[in-house]
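K.L.:
One structure follows; several queries about it will come next.
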Amino acid sequence: MAAAMALVRGVRFGSYSIGRSRSLIFNSLQRRGIAACVDPSIGLTDEQKEFQKVAFDFAANEMAPHMAEWDQKEIFPVEAMRKAAQLGFGGIYVNPDVGGSGLSRLDTSIIFEALSTGCVSTTAYISIHNMCAWMIDTFGNNEQREKFCPDLCSMQKFASYCLTEPGSGSDAASLLTSAKLQGDHYILNGSKAFISGGGDTDVYVVMCRTGEKGPKGISCVVVEKGTAGLSFGKKEKKVGWNSQPTRAVIFEDCAVPVTNRLGAEGEGFSIAMKGLNGGRINIASCSLGAAHASVLLARDHMCVRKQFGETLSNSQFLQFKLAEMATKLVASRLLVRQAAVALQEGRPDAVSLCSMAKLFVTDECFAICNQALQIHGGYGYLKDYAVQQYVRDIRVHQILEGNDFFCLIHVSEMQWFSKLSWSSPALSPSSNTPDSIRQLIIETLRPEVSQKR
């Protein structure tokens with residue numbers, strides 16, 4: 001693990017060098033006390049500890065020193081991400097025959113947690129890129145896999161996931177972007193909103209309507225940058241996630257070859273939801289990294305900050321606060337890893353656990369980061385301190401990949417569905433759940449769409 005100086009050595013007249021404060025998280029795991037009890041390597045195999053160490057080293061050396069600059073100048077760190085791809089992080093759970101690392105969902109979570117200690121925003125984009133590469137690898141035919149996956153895994157090309165529209169967020173099944181078949185092309189018209197990487201990326205995995213209303217009329221196509229009729233909106237100004245651009249993706253008579261469709265017509269919504277199951281674990285893992293870093297930053301701040309003649313670490317109230325933060329962090333990590341294993345094994349409870357992890361972990365980790373900022377007092381509100389960036393960057397994790405309300409509905413409804421057959425006229429005892437969300441959950445729970453491998 002990368003050696004770095006502790007936060008306490010970065011004191012400068014009541015403020016901390018931001019570089020020193022960020023380096024804390026990479027050497028604190030070697031300490032005793034709270035750092036030991038929140039050690040993310042506990043319970044891992046020797047192999048998992050090795051690639052976790054590689055990820056921590058990369059975060060310390062290639063991401064953390066630039067985290068503030070990428071945020072403030074809104075830099076999309078292409079070269080840094082390509083270095084990450086050289087370590088296998090461009091296609092972590094993509095099959096090796098097309099350039100991926102072939103690791104498990106649990107391995108992926110471990111890596112994203114470690115990377116996000118160096119920069120949450122950049123790691124979150126890498127996680128979305130990985131999800132797109134996995135979708136092509138899993139649902140594409142051999143020609144599609146060989147065409148797109150090698151460049152995505154090496155990050156010579158970057159990918160974006162295009163589901164959300166201006167009028168359809170959580171109600172994704174109501175999307176309006178149309179794809180009309182003309183000869184051997186689909187003609188796309190419509191727009192996608194809040195697309196990470198939009199305008200700067202090369203490959204767009206797009207959910208579009210090829211048939212009837214509802215989820216059964218949605219298909220998935222891959223649109224390449226430079227295609228006639230593809231354009232982009234203005235770059236959005238955001239609270240966090242500033243190292244990745246966000247734009248609308250616009251289709252105006254955009255002709256996409258039928259050969260770029262993943263799966264059969266009408267399977268797009270199921271493909272999108274299966275991508276998001278893993279996406280929820282990935283985003284929760286990014287929240288874990290921010291929370292882990294924030295716990296250690298708060299602990300070290302308490303050791304050097306003095307008030308009323310003694311350090312904050314002597315305050316039992318703050319000791320208890322730190323203990324609560326550590327407890328929530330470990331509980332969150334256990335839930336994420338359980339969900340990752342369930343998804344990897346294809347267990348019946350996998351979808352529920354993915355939603356539970358997204359709901360619980362993003363909420364609790366934001367609370368941890370926010371409390372860490374509070375412990376820093378006024379200093380925590382300054383951009384000289386890393387803790388404020390962790391707070392800003394993970395706030396959006398409670399919104400995307402299924403917001404809290406949707407995850408609650410998802411988990412609640414699924415407690416009943418195991419008792420119902422697919423032909424049952426009563427989808428759920430709840431009469432308050434919108435029909436579109438009921439249908440969305442059904443599509444998520446249906447057996448895997450047929451795969452060619």
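K.L.:
Restricting the first residue to the stretch 344-362 and requiring it to be farther than 15 Å from Phe406 by Cα, which pairs with a second residue that is at pLDDT below 95 and of a type in the set (Gly, Ala, Ser) meet a Cβ separation below 9 Å and a spacing of at least six or different chains?
P.N.:
So the pair list comes out as Gln344/Ala350; Pro348/Ser418.
K.L.:
How many residues does the stretch 144-169 contain that are touching a Phe, Trp or Tyr at 6+ places or on another chain (Cβ under 6 Å) and hydrophobic (A, V, I, L, M, F, W, C)?
P.N.:
Residues flagged as touching a Phe, Trp or Tyr at 6+ places or on another chain (Cβ under 6 Å) and hydrophobic (A, V, I, L, M, F, W, C) within the stretch 144-169 amount to 1.
K.L.:
Please tell me if Val258 is surrounded by fewer than 17 Cβ atoms within 10 Å (Cβ to Cβ), touching a Lys or Arg at 6+ places or on another chain (Cβ under 9 Å), of a type in the set (Val, Ile, Thr) and modelled with pLDDT of 95 or more.
P.N.:
Against the criterion (surrounded by fewer than 17 Cβ atoms within 10 Å (Cβ to Cβ), touching a Lys or Arg at 6+ places or on another chain (Cβ under 9 Å), of a type in the set (Val, Ile, Thr) and modelled with pLDDT of 95 or more), Val258 does not qualify.
K.L.:
Moving to a separate point now. Would you check which residues across the stretch 177-199 are open to solvent by 10 Å² or more (accessible area, probe 1.4 Å), part of a strand (DSSP E or B) and in contact with a helix residue (DSSP H, G or I) (Cβ under 8 Å, 6 or more places away or on another chain) and list them?
P.N.:
Once the filter is applied, which keeps residues that are open to solvent by 10 Å² or more (accessible area, probe 1.4 Å), part of a strand (DSSP E or B) and in contact with a helix residue (DSSP H, G or I) (Cβ under 8 Å, 6 or more places away or on another chain), the stretch 177-199 yields Leu181, His185, Ser196.
K.L.:
Taking the conditions exactly as written (in a strand (DSSP E or B) and not polar (S, T, N, Q)), does Ile250 satisfy them or not?
P.N.:
So Ile250 fits the description; yes.
K.L.:
Continuing with the same structure: Can you find, within the stretch 145-173, the residue that is farthest from the chain's Cα centre (by Cα) among those that are assigned to a helix (DSSP H, G or I) and within 16 Å of Glu401 (Cα to Cα)?
P.N.:
Among those residues, the one meeting the criterion is Ala173.
K.L.:
Here's another thing I want to ask about it. Name every residue in the stretch 200-232 that is crowded, with 24+ Cβ neighbours inside 10 Å and part of a helix (DSSP H, G or I), in order of residue number.
P.N.:
Listed by number, the list holds a single entry, Pro215.
K.L.:
With the checklist (1) open to solvent by less than 50 Å² (accessible area, probe 1.4 Å); (2) free of Cβ contacts under 8 Å to residues at least 60 places away in the same chain; (3) farther than 22 Å from Ala64 by Cβ in hand, flag the one item Gln316 doesn't pass.
P.N.:
Only one criterion in (1) open to solvent by less than 50 Å² (accessible area, probe 1.4 Å); (2) free of Cβ contacts under 8 Å to residues at least 60 places away in the same chain; (3) farther than 22 Å from Ala64 by Cβ is unmet by Gln316, namely (1).
K.L.:
Let me ask something else about it. What pairs come out if I take residues in the stretch 389-409 that are among the aliphatic types (A, V, I, L, M) and pair them with residues that are crowded, with 21+ Cβ neighbours inside 10 Å and not in a helix (DSSP H, G or I) whose C-beta lies under 7 Å away, six or more apart or interchain?
P.N.:
Val396/Trp241
K.L.:
Considering only residues that are under 19 Å from Ser127 (Cβ atoms) and either over 19 Å from the mean Cα position of the chain (by Cα) or of a type in the set (Asp, Glu) (or both), which ones fall in the stretch 33-50?
P.N.:
Listed by number, the list holds a single entry, Gln48.
K.L.:
Step by step: first the residues of the stretch 126-155, then only those that are under 13 Å from Gly88 (Cα atoms) and polar (S, T, N, Q), then the one that is most open to solvent (accessible area, probe 1.4 Å). Which residue is that?
P.N.:
Ser154
K.L.:
Against the condition touching a Gly at 6+ places or on another chain (Cβ under 9 Å) and open to solvent by 10 Å² or more (accessible area, probe 1.4 Å), how does Arg305 come out, does it pass?
P.N.:
Working: touching a Gly at 6+ places or on another chain (Cβ under 9 Å): yes; open to solvent by 10 Å² or more (accessible area, probe 1.4 Å): yes.
Here the answer is yes, as Arg305 does meet what is asked.
K.L.:
If we keep just the residues of the stretch 44-63 that are over 17 Å from Phe112 (Cβ atoms) and not charged (D, E, K, R), which is surrounded by the fewest Cβ atoms within 10 Å (Cβ to Cβ)?
P.N.:
Thr45
The values are calculated or read from the model by the stated rules, or taken from the named source; none is laboratory data. The structure presented is a predicted model; accordingly, all values stated were derived computationally and were not measured. Neighbour counts are summed over all protein chains in view; Cβ atoms, including those assigned to glycine, are modelled from backbone coordinates with ideal geometry. Heavy atoms of the whole protein, side chains included, go into the accessibility calculation; ligands, DNA and RNA do not. Shrake-Rupley method; radii C 1.70, N 1.55, O 1.52, S 1.80 Å.
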